[in-house]
1. Which whole-angstrom value gives the distance between the alpha carbon centres of segment 1-60 and segment 166-182?
2. Number of Lys-Lys pairs in the chain under 28 Å by Cα, sequence gap 8 or more or different chains?
3. Taking the DSSP beta bridges in segment 4-180 as the whole, what percent of them are antiparallel, to the nearest 5?
4. Using the 10 angstrom Cβ neighbour count as an exposure proxy, how do 27, 78 rank, fewest first?
5. Under the rule of -39500 (n - 2.57) per DSSP H run of 4 or more residues, summed and divided by the residues of the chain, what mean residue ellipticity at 222 nm is obtained, to the nearest 500 deg cm²/dmol?
6. Given charges of +1 on the Cβ of Lys and Arg and -1 on the Cβ of Asp and Glu, with all other atoms neutral, how large is the dipole of segment 41-172 about its Cα centre, in debye to the nearest 20?
7. Per q in 0.09 Å⁻¹, report the Debye log10 I(q)/I(0) for segment 4-180, using one uniform scatterer on each alpha carbon and no solvent.
Amino acid sequence: MHNPTDIIRQTQKWIDDVVIGCQFCPFAAREVKRGSVNYRVERSTDRKTCLQSLLEECHRLTEDPAIETTLVIFPAAFHRFNAFLQVMDMAQKALKKAGYVGTYQIASFHPDYQFGGAPLHDPGNYTNRSPYPMLQLLREDSVEKAVAAHPDPEGIPERNVAHARQKGLAHMQALLKACLGA
């Protein structure tokens, strides 16, 4: 398995080339330029340990306002998408139990991400496909401000899926694969 430095470099390439390059998140480029994105590689396969890492990152965000968002990357765990969905559900419950609901929200990304009702090979799934399973912590107040300033925040997901479909499956697969070579 790659070392954490390689995993972070691959994740950064994915953010640059896919998330920003395809304009899937109109807010990401600003935070990358500001250097306000934190990366944590959790190498454990134990669910409790992985969830504890996520909660530790909530604490880090609380303590360090210079960090806008954190990506908790799980290179060794949750390779099956259904197992990842279960962990995502557990993560939501852990945030609630820890009192972070309304302060932080979670976005999820996975190499085999599949939207409900979408075919497995739909290029639109690549809007949430990443080199590794990962959970992103976002500051709720920052999300609200960004959404309020955007002319059409409700249209972002639909535009993203349309863009990925227009580019096609082979293109989206190649973009993601290229990130692993970083």
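1. Using only Cα atoms, the two centres lie 18 Å from each other.
2. For the chain, the number of qualifying lysine pairs is 14.
3. Numbers: 11 of 17 bridges.
Around 65 percent of the beta bridges assigned by DSSP in segment 4-180 are antiparallel ones.
4. Numbers: 27 20, 78 23.
In order of increasing Cβ crowding within 10 Å: 27, 78.
5. Counting only the DSSP helices, I get -15000 deg cm²/dmol.
6. On the way: 14 positive and 16 negative charges, 84 e Å.
Here the size comes out at about 400 debye.
7. Each listed q maps to, in turn, -0.29.
Any read-out appearing in this document is the output of simple, stated calculations on the displayed coordinates, not a laboratory observation. All figures in this text were calculated on a predicted structure; none of them were measured in a lab. Here Cβ is always computed from backbone atoms with ideal geometry, including for glycine, and neighbour counts include all displayed protein chains.
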